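K.L.:
Sharing a structure below in structure tokens format, with a few things to ask.
The values are calculated or read from the model by the stated rules, or taken from the named source; none is laboratory data. Quantities reported herein were computed from a predicted structural model and do not represent experimental measurements. With ideal geometry, Cβ positions are generated from the backbone for all residues, glycine too; neighbour counts draw on all protein chains shown. Ligands, DNA and RNA are excluded from the accessible area calculation, which covers all protein heavy atoms including side chains. Shrake-Rupley method; radii C 1.70, N 1.55, O 1.52, S 1.80 Å.
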Amino acid sequence: YLDPKSIVDIAEREGVEAVHPGYGFLSESPELARLCGERGITFVGPTVENLLSFSDKVSARKMAIAANVPVVPGTENALDTAQEARAFAEEFGLPVMIKALMGGGGKGMRIARTLDEVESQFE
């Protein structure tokens, strides 16, 4: 059920005019949106371009800031080391949320309540 190609194949075979991805993983799938568009099926959701832009958390944050959407304190770019994460926590305070750059559905989110946890959670 998470295979965009299979879903679009079935939709095309059954004469479906539009696909609503529901909530969750498929709602964030640029592949499903792209395949629907290629087969003339309406994708009820964001454009492929929007889905690609918002799958990268740093890009999404920059777009929100550019649109004057209030955001919580965070880094301008992705961090490469646990030491960079620790320096951020020292400057802005604890707790901090450490989030994987890509992905969705809450995967990769970790809360660090101490400076030692910042480094261990980053790895």
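K.L.:
Might you check whether a residue that is out of contact with any helix residue (DSSP H, G or I) (no Cβ under 8 Å at 6 or more places or on another chain) and aliphatic (A, V, I, L, M) occurs anywhere in the stretch 25-39?
P.N.:
no
K.L.:
Considering only residues of the stretch 43-55 that are open to solvent by less than 80 Å² (accessible area, probe 1.4 Å) and not in a loop (DSSP other than H, G, I, E, B), which is farthest from LYS99 (Cα to Cα)?
P.N.:
Residue satisfying both the conditions and the ranking: PHE43.
K.L.:
Does LEU35 meet the test of being open to solvent by less than 50 Å² (accessible area, probe 1.4 Å) and over 30 Å from PHE122 (Cα atoms)?
P.N.:
yes
K.L.:
Across the stretch 3-18, which residue is surrounded by the fewest Cβ atoms within 10 Å (Cβ to Cβ) among those that are touching a residue at least 24 places away in the same chain (Cβ under 8 Å), more than 21 Å from SER53 (Cα to Cα) and not basic (Lys, Arg)?
P.N.:
Ranking the qualifying residues of the stretch 3-18, first place goes to GLU17.
K.L.:
In the set ALA78, ALA60, ALA87, ALA64, which member is in contact with a helix residue (DSSP H, G or I) (Cβ under 8 Å, 6 or more places away or on another chain) and part of a helix (DSSP H, G or I)?
P.N.:
ALA60 is the lone residue from the list that is in contact with a helix residue (DSSP H, G or I) (Cβ under 8 Å, 6 or more places away or on another chain) and part of a helix (DSSP H, G or I).
K.L.:
Something else about it: Right, GLU12: assigned to a helix (DSSP H, G or I), at pLDDT below 95 and out of contact with any Phe, Trp or Tyr (no Cβ under 9 Å at 6 or more places or on another chain) or not?
P.N.:
Taking the combined requirement at face value, the residue does not satisfy it.
Table: residues versus (1) within 30 Å of ILE10 (Cβ to Cβ); (2) free of Cβ contacts under 8 Å to residues at least 60 places away in the same chain; (3) open to solvent by 70 Å² or more (accessible area, probe 1.4 Å).
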{"position": "PHE25", "(1), (2), (3)": "yes, no, yes"}
{"position": "PRO30", "(1), (2), (3)": "yes, yes, no"}
{"position": "ILE41", "(1), (2), (3)": "yes, yes, no"}
{"position": "LYS57", "(1), (2), (3)": "no, yes, no"}
{"position": "ALA67", "(1), (2), (3)": "no, yes, no"}
{"position": "ALA85", "(1), (2), (3)": "no, yes, no"}
{"position": "GLU91", "(1), (2), (3)": "no, yes, yes"}
{"position": "ALA112", "(1), (2), (3)": "no, yes, no"}
